[in-house]
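These notes are about the structure you will find just below.
Where a number appears in this text, it was derived from the coordinates with a stated rule and is not lab data. All values derive from a computational prediction rather than experimental measurement. Neighbour counts run over all protein chains shown; Cβ positions are idealised from the backbone, glycine included.
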Amino acid sequence: MANEVKLSDKEIETFVKKRDGVVAASITDGPDKKVRNFLVIGCGDGGCNIASLIKTQIPMTKVIAYNTSERAMNNLTTDINIIPLKTDEEAGKDEKTEDGSGKDRGLSQSIFKRGSYRQVANKAIEYINADNTIEYILITTTTGGGTGGGISPMLAKFMADNLPIPVIVLGVYPSLSEDATAMYNAMAWQSEVEKYNIPYIILDNNKSDSNPVTIHRIVNELAADTIKLLSGVLYGNTNITAVDNQDMYTLLTMPGRISAIGSADKLPVGKSLDDYLIEHFTQSQMVAPVNLKGVALFVKGPEDLISRVDTSLTKFSAQYGVPAIQYVHLEESKDTYIAVVCSGCGEASDRLAMCKQRYDEVMDGVAETQSSVDTLLQDMSSPIGGSNRAGKKPRISLNTELDLSALNL
């Protein structure tokens, strides 16, 4: 970047204001540049693990890991780890957080607002000023937890408000086997990302036939592969060089959800490109596009593949939406890699409905258990006095912030 980015105290104080639009940035790449460099900020346990794997697979990427827990932070591959201080008001001192925020979004947001946003912002500015190849900021997180799910939308908005570099959030939905709090946090995260108008990517930890360790590994690897695709490291130059630079910039800064998939699998004879891509979305932990607005198609392979492939994506568009903007990158190579990047997509309403259903089922179970206990207590009195009937707990509205301070989740 030509000029250093500096934040005044007044600018810092207004970082939670709602954005009016997408921050603009100029494209300065030459026509031969094929790599779009990311600054990655991992938030929370899951987000830091994803960021660490991206750093491992794309070493040139600068990675900041932010977490309210020290657990396993030393095992990460990052450029810097930031563990904010928490304030012990009774003792009148600050101390390192030991156990993180659990799933308490409010606690993580409070810690972030008290000053750790300055730590993250200052380090991000340092890296951006030192490296003019950084064109995007990527914030990685899981959505069901407290630290990443709680502060990643706020952090994304803060960065987008103050830095002239586009911001993308990569989030991971929780497994439907998790508790009601994870479902609530995921939906609250979704609401905030949509409200702040930040482009985002969604992966899914829900897969019934895999154990948690396996599915986390699959999702983390998919996240790293997605960033390799978006960065352009998987492709070389082509006579349509704009696809690698300005046009991809247009797609990646379009508000809404980004859904991307790529594979080195060869296109079987007799199978259309549409069927190939739809099949890979169906089998992947990448949440498929809905009502997409822009699409970039990348096809790399031998000349016979390039010559016979139908890039019109008619069936694909019929299923996922007709794009207003469409770009195609064709590249002859001995290696095959086929990918599609969809942007401006709508939220994954079907998957969010599953989160809501899971939340309702858990909370209904709590209510039913309480109701049964109430019935048993009707003809009983406490041997130590007090009321002879316990009050039934009300349902918790999704519009009300949960108080998780007494829960051991």
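Sorting VAL299, VAL366 from the fewest to the most surrounding beta carbons within 10 angstrom yields VAL366, VAL299.
Relative contact order for the range 35-233: what percent, with Cα pairs under 8 Å and sequence separation of 6 or more? Kindly include the intermediate steps, with their values, before the conclusion.
Working: 391 pairs, mean separation 46.8, N = 199.
Computed value for the range 35-233: 24 percent relative contact order.
Taking 30 Å as R0, compute the FRET efficiency from the Cβ-Cβ separation of SER110 and GLU221 and round it to 0.05.
On the way: r = 33 Å, r/R0 = 1.11.
FRET efficiency, SER110 to GLU221: 0.35.
Which order do peptides 282-292, 218-228 fall in by mean Cβ count within 10 Å, highest first? Walk me through the intermediate numbers first.
On the way: 282-292: 19.8, 218-228: 21.5.
The densest-packed peptide leads the list: 218-228, 282-292.
Mind ordering 328-340, 190-202 by average Cβ neighbours within 10 Å, highest first? Intermediate values should be presented prior to the final figure.
Working: 328-340: 17.4, 190-202: 20.7.
Final packing ranking: 190-202, 328-340.
Cross-link check: pairs LYS62/LYS300; LYS103/LYS157; LYS55/LYS207; LYS300/LYS334; LYS55/LYS103; LYS55/LYS300 evaluated at a Cα-Cα cut-off of 18 Å; pairs beyond the cut-off: LYS62/LYS300; LYS103/LYS157; LYS55/LYS207; LYS55/LYS103; LYS55/LYS300.
Extending 7 Å from Cα along the Cβ direction at THR311 and again at MET354 yields two label points whose distance is 3.4 nm. Per-residue 3J(HN,Hα) values for the range 308-318, derived from phi via the Karplus relation 6.51 cos²θ - 1.76 cosθ + 1.60 with θ = phi - 60°, read 9, 6, 9, 8, 6, 6, 5, 5, 4, 5, 5 Hz in sequence order (x marks Gly and Pro).
Please arrange LYS103, LYS356 by counting, for each residue, the other beta carbons lying within 10 Å of its beta carbon, fewest first.
Details: LYS103 24, LYS356 14.
The most exposed by this proxy come first: LYS356, LYS103.
Could you sort 56-69, 265-278 so that the peptide with the highest average Cβ count within 10 Å comes first and the rest follow in order? Present the calculation step by step, with values, prior to reporting the outcome.
On the way: 56-69: 21.3, 265-278: 14.9.
Ranked from most to least packed, the peptides come out as 56-69, 265-278.
Spin-label pair VAL213-GLU279: with each label point 7 Å from Cα along the Cα-Cβ axis, the two points sit 3.2 nm from one another.
Applying 0.36 nm per residue to the separation of VAL35 and ASP131 and subtracting their alpha-carbon distance, the gain on full extension is 33.2 nm. Computed across the range 35-233, the Kirkwood radius stands at 16.7 Å (inverse of mean 1/r, all Cα pairs).
A Förster distance of 25 Å, applied to the separation of the beta-carbon atoms of ASP179 and THR250, puts the FRET efficiency at 0.05.
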